[in-house]
1. With an 8 Å Cα cut-off and a minimum separation of 6 or more residues, compute the relative contact order for the range 218-300 in percent.
2. Please tell me the relative contact order of the chain in percent, rounded to the nearest whole number, where contacts are Cα pairs under 8 Å and at least six residues apart.
3. For a Förster distance of 22 Å, can you work out the FRET efficiency between the beta-carbons of ASP296 and VAL207, rounded to the nearest 0.05?
4. Would you list the P(r) distribution for the range 120-240, with all Cα-Cα distances sorted into 5 Å bins from 0 and each bin expressed as a whole %?
5. Within a Cβ distance under 13 Å of SER88, other residues only, what is the Lys/Arg minus Asp/Glu net charge?
6. Please turn the phi angles of the range 249-254 into ³J(HN,Hα) values with the Karplus equation 6.51 cos²θ - 1.76 cosθ + 1.60 (θ = phi - 60°), one per residue in order, whole Hz, x for glycine and proline.
7. Taking the chain, how much of its Cα-Cα pair set, in percent, is spaced more than 41 angstrom apart?
8. Using the count of nearby Cβ atoms within 10 Å as a rough guide to exposure, how do ASP390, ASP104 rank from fewest to most?
Amino acid sequence: MSGGEDIVFETLARISSSIFINREVLRPDYVPNTLPHREEQIRKLTEHLAPLLRRERPSNIFIYGLTGTGKTAVTKYVLRKVEEFGRSKGLTHFTFSYTNCRHDDTTYRVLANIVESLGHRVPFTGLSTAEVFRRFKRAVEASGKIVVAVLDEIDFLIKRAGDELLYRLTRINDELSKGKVSVIGITNDVRIMERLDPRVRSSLGEVEIVFPPYDALQLTDILKERAAKAFREGVLEEGVIEYCASIAAKEHGDARRALDLLRVAGEIAERAGDKRVTIAHVRIAREEIERDMVVDVVRTLPYHGKLVLLVTALAGGRFDSTGELYANYREVAMRLGIEPVTQRRVSDIVSELDMLGIVTAKIINRGRYGKTRQIILTVDPNTILKAFEDDPRIGWFIKHGRD
């Protein structure tokens, strides 16, 4: 064998893992058989879908909660259980369609995905949206089924395409002679209803289910249950699970974040050839995840979003008011020769960054001085500054323009 082949085979032999049994159970798209601390949400969602078993259309449902609070996992879990129960009773009159609107963020693709779930083909492009909607309607009538359309991360669709599709979906039952349609919308944005047409709001928000953040103890329970399936016995150093849980609990109670920390820490130990996963591995994992997350966010941000992040990082990661942030933003924009946007637009940008999880924006009541927003970075300011190094103008400003 050549030297290159030796390296490949030695590496593969080392990576056939002494750490993991099944790392997939730590990934965000894995749906476990049990979901600790979401019993109330499981019960509510099941109760609202129960009319399906009586051949009745369930109400439209809107599910709110921050990232990593179990919204998608609970929804997929309940849909799977309802489907299994229905099959066991010989019931075939309903079906589910799941679309992630972050990936399919146009009206065309969402409709095409639902049509395809009913066994009909739609070309990737080439039809008008009105034609795809007609095909959807015909597919529902041909099936005669109750179709439950799950639209996950629905805020991405609304931002990109508005709420016309939601209006059509929530009104389609008036146009159908056979079959029915219900919608389950899932979002991280608790203010999304404010941006919807009142007619859509009243139709879509028939039932609302809120998912609160997990606390550190709840996250510990979740991690222990997953870790028992993911890791070989005895490889986790004492305190590793609790440490991952405490980090995630401080950052909105995000179970996805906690699971990522644990998985990446295990992968770091695995690559290093270590026999145990330690708190030191978790610290390295945290830096890796933050760096990767920030770089991904920064690359997709509009330029003024980048400037808002930049000035927040340069201020040490915190502003006690939007006005203070805006003054700093305006100064930096003008020094870079860029026309600043309005304070209202900067306030909207802060809300978008809050939704992405890269800042927290808390309303602070200052008594007779009124209310303001306190803006705090959720990642190390230096991580933000490093993420801007590849941007020519902002990179230059960080190195030379602050004096």
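Every read-out reported here was derived from the displayed coordinates using simple, explicitly stated rules and does not represent laboratory data. As the structure is a prediction and not an experimental result, all values here were calculated from the model. With ideal geometry, Cβ positions are generated from the backbone for all residues, glycine too; neighbour counts draw on all protein chains shown.
1. Relative contact order, the range 218-300: 30 percent.
2. Details: 580 pairs, mean separation 70.6, N = 403.
Averaging sequence separation for qualifying contacts and normalising by length gives 18 percent for the chain.
3. Values: r = 34 Å, r/R0 = 1.53.
Rounded to the nearest 0.05, the efficiency is 0.05.
4. 2, 8, 15, 15, 14, 11, 8, 7, 8, 7, 4, 1, 0
5. For residues surrounding SER88, the net value is +2.
6. Along the range 249-254, the couplings run 5, 6, 10, 6, x, 8 Hz.
7. 26 percent
8. Details: ASP390 11, ASP104 20.
Ranked by crowding around the Cβ, least crowded first: ASP390, ASP104.
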